[in-house]
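A short write-up of the structure that comes next.
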Amino acid sequence: MDCWKGAVSRSWIYPTVIICANGFFTTMRPSESFLTPYLTGPDKNLTIEEVTNQIFPVWTYSYLALLFPVFLLTDYVRYKPVLLLQGISLIITWLLLLFAHGVMAMQVVEFFYGMVTATEVAYYAYIYSVVSTQHYQRVTSYRRRGTLRSMFFHRKDTSEPLPGADKGVAAGSSHRPSSCQEEKSPSPAARGPTPQPQAGNARPHSHMLSVLLQLAKDLRDCYSSRKLLYWSLWWALATAGFNQVVNYVQVLWDFQAPSHSSAVYNGAVEAIATFLGSATSMAVGYVKVNWDLTGELALAIFSVLDAGSLLLMHFTDNIWACYAGYLAFKACYMLLITIATFQIAVNLSMERYALMFGFNNFVALVIQTILTIVVVDSRGLGLDITTQFLIYGSYFTVIAGIFLIRSMYTIISIKCRNTTVAAEST
């Protein structure tokens, strides 16, 4: 029995199954696909303009405001308290949806839902710390996002082995590229002193300052890698656009096929979209491709498909064509974000996963907030929903153009370098 328990604790399969099961039950929200019809229906009696321009933007603003504090909280108190906070926020969200009325009450709903999404860092933060690097591509395809260990508040001296290091960093050190931190300063002495918990008579704000300074230094070191910089750039740009589309697609569906006068299949479409996204994410775990050579080209090609899907959703009046465009859009995004996640993970030391993933999401939220203020909010342009999707399609067209140019440059550079090396060897 002890041998079996030991084998289970060392296996990458067991923690992956547990984490995925937790994610399944916390994200299984079948009524969410009908939120817009519910808010504009007889129970809440809100207008589509109030929902689009006054209520939904609050989620973006609260998510942005809460992400960084929750990130530091997760680093300080570890996982369980933050997961508990997520569960409480979900309960409050659904209770308010059931019993509260009015624009302000629904704005409070969006605030607590922003808390739910901000606290997802604790859920997404575990898997890479308990599996070896050879399984990163596969477990990323199962559990798409990043990792956290305690990087700042509970940081130990670099001479001490990190918990699970034999399963993570040590296991991968012989066969993967150096992390951004390791490239810049390979020895503990070169890295300088690590922030330590202050003595009891030290001022708490001094420790907080040292934490923030260390965070800024680590970010500078990580983004000094050009490869990580470009993958992170796509992550931030695409995630901002993806969040906007997912947040407002129900409004577009309700505009094209009003729920009070036609049959709607929002739930079925979301279920199929989730299945396709899961299938493409899992498929990535078994694909062997030279991502250094073709990764940016893949970002460009699938971003073109995303742009085409959104433009189709803008120009069509057929709800089924709109549904099809959404399915293609979500599948392409889930495929690419999975690739981006493990490409960043295999080039980082274990301590830097949450920092870089969290900062990428933070930048994405800043971009999304700008889009919301300018395009959606009634205090900005307050565009109608079909025009919004024209903007989103054009936005992904720009992303595709950026990475198409970048991919051509990368491929030509690698080909020229290989030709030069071959010529010198002969």
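Okay, here's what the table says:
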| read-out | value |
| --- | --- |
| Filter pass, Leu305 being among the aliphatic types (A, V, I, L, M), within 28 Å of Val366 (Cα to Cα) and buried (at least 21 other Cβ atoms within 10 Å of the Cβ) | no |
| Test result for Leu312, among the hydrophobic types (A, V, I, L, M, F, W, C) and more than 26 Å from Lys288 (Cα to Cα) | yes |
| Scope the range 294-353; condition of a type in the set (Phe, Trp, Tyr) and in contact (Cβ under 8 Å) with a residue 40 or more places away in the chain; matching residues | Tyr323, Tyr326, Phe329, Tyr333, Phe342, Tyr353 |
| Number of positions in the range 364-396 that are within 25 Å of Thr341 (Cβ to Cβ) and surrounded by 17 or more Cβ atoms within 10 Å (Cβ to Cβ) | 11 |
| Residues that are part of a helix (DSSP H, G or I) and either open to solvent by 40 Å² or more (accessible area, probe 1.4 Å) or not assigned by the TED database to the domain that holds Val376 (or both), drawn from the range 257-283 | Ala268, Ala271, Ile272, Thr274, Phe275, Leu276, Ser278, Ala279, Met282, Ala283 |
| Any hit, the range 239-247, residues being open to solvent by 40 Å² or more (accessible area, probe 1.4 Å) and either assigned by the TED database to the domain that holds Cys332 or modelled with pLDDT under 90 (or both) | yes |
| Exclusive hit being assigned by the TED database to the domain that holds Gln256 and surrounded by fewer than 19 Cβ atoms within 10 Å (Cβ to Cβ), set Ala345, Ala340, Ala298 | Ala298 |
| Yes/no for Asp292 being over 20 Å from Ile399 (Cβ atoms), among the acidic types (Asp, Glu) and assigned to a helix (DSSP H, G or I) | yes |
| Residue in the range 323-335 that is assigned by the TED database to the domain that holds Ala400 and not in a helix (DSSP H, G or I) present | no |
| Residue match in the range 407-425 (condition: part of a helix (DSSP H, G or I), open to solvent by 60 Å² or more (accessible area, probe 1.4 Å), more than 26 Å from Gln256 (Cβ to Cβ) and of a type in the set (Asp, Glu)) | yes |
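The values are calculated or read from the model by the stated rules, or taken from the named source; none is laboratory data. No experiment lies behind these values; they were computed from the predicted model shown. All Cβ positions, even for glycine, are placed from backbone atoms using ideal geometry, and neighbour counts span all protein chains on display. Ligands, DNA and RNA are stripped out before the accessible areas are found, and what is left, the full protein with its side chains, is counted by its heavy atoms. Shrake-Rupley method; radii C 1.70, N 1.55, O 1.52, S 1.80 Å.
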